[in-house]
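Undergrad: This is the structure, below, for whatever I ask next.
The values are calculated or read from the model by the stated rules, or taken from the named source; none is laboratory data. None of the values given here were measured: they were computed from a predicted structure. Cβ: placed from backbone, ideal geometry, glycine included. Neighbour counts: every protein chain shown. SASA here: full protein model, heavy atoms, side chains in, ligands and nucleic acids out. Shrake-Rupley method; radii C 1.70, N 1.55, O 1.52, S 1.80 Å.
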Amino acid sequence: MAKDRRKHITQGAILEAALQLFARQGFDRTTIGAIADQANIGRTTVLFHFDTKANLYAAALTMAGERFLAHMTDERVGSFRVFAQHWITTLAGCSVESQLLRCLGGDHRDKAVRLAARSVYERYIESWSAWLRTREEGRALRPPAQRTAVARLIVATITGLMATRFDQGDETVAAVLDQLASCVDDGGGPGR
């Protein structure tokens, strides 16, 4: 039991160090040696636990996604515009998780990183789909496929806003949210 606990603590220290460095420096400029130094462990220990830098990046990306989603679940609100703006503001924020998640790495050359990014993206869709389902209580329900399609549209749009490095005060963001809201709020979209 003590060995498992020590392994868990070591992996946690490695992931925290990796998250900090990947968020600040990006994948290419971060080295296994720098992660090991930040975690106060040896380079071989990092590789023992994660095999490759790409596997470590994938694990850090997954951890950042889970933390973000846990925070967003705690922050659910009724209005689409308020909830979407909260997502955007949180992703645009200064936390290491938001810095790493702003670019999900979907075009990364390593398969492990692409799979981790896809997994986080799918969890975003699940979260929005669940939010949409709660909005439909007491109303005619959209078919699950339609709800998932709307959730995909929302996630793709928010991800696109992150990728274009929008200015949070930009009128474009408000216009985009208004267009999305027409699909969600007040019975104005498909399936209503």
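Undergrad: Against the globular-protein guess of 2.2 N^0.38 Å, express the Cα radius of gyration of region 26-81 as a ratio, rounded to two decimals. The partial results should precede the final answer.
TA: Details: Rg = 15.8 Å, N = 56, 2.2 N^0.38 = 10.2 Å.
Region 26-81 yields a ratio of 1.56.
Undergrad: What is the Cα coordinate range of region 1-94 on the first, second and third principal axes, sorted by size from largest, in whole angstrom?
TA: Computed over region 1-94, the largest-to-smallest principal extents equal 49, 36, 18 Å.
Undergrad: Another question, if that's okay. With r as the distance between the Cβ atoms of Arg29 and Gln146 and R0 = 41 Å, compute the FRET efficiency 1/(1 + (r/R0)^6) and round to 0.05.
TA: Working: r = 43 Å, r/R0 = 1.04.
Approximately 0.45, to the nearest 0.05.
Undergrad: How much accessible area per residue does region 1-56 have, in Å², with a 1.4 Å probe?
TA: Details: 3440 Å² over 56 residues.
Accessible area per residue, region 1-56: 61 Å².
Undergrad: Taking region 1-95, which GluC sites (Glu not before Pro) meet the DSSP loop condition and have no more than 12 other C-beta atoms within 10 Å? If you can, show how the numbers build up before the last one.
TA: Values: sites: Glu16, Glu66, Glu75; in loops: Glu75.
Here the GluC sites (Glu not before Pro) that fit, given the DSSP loop and packing criteria, are Glu75.
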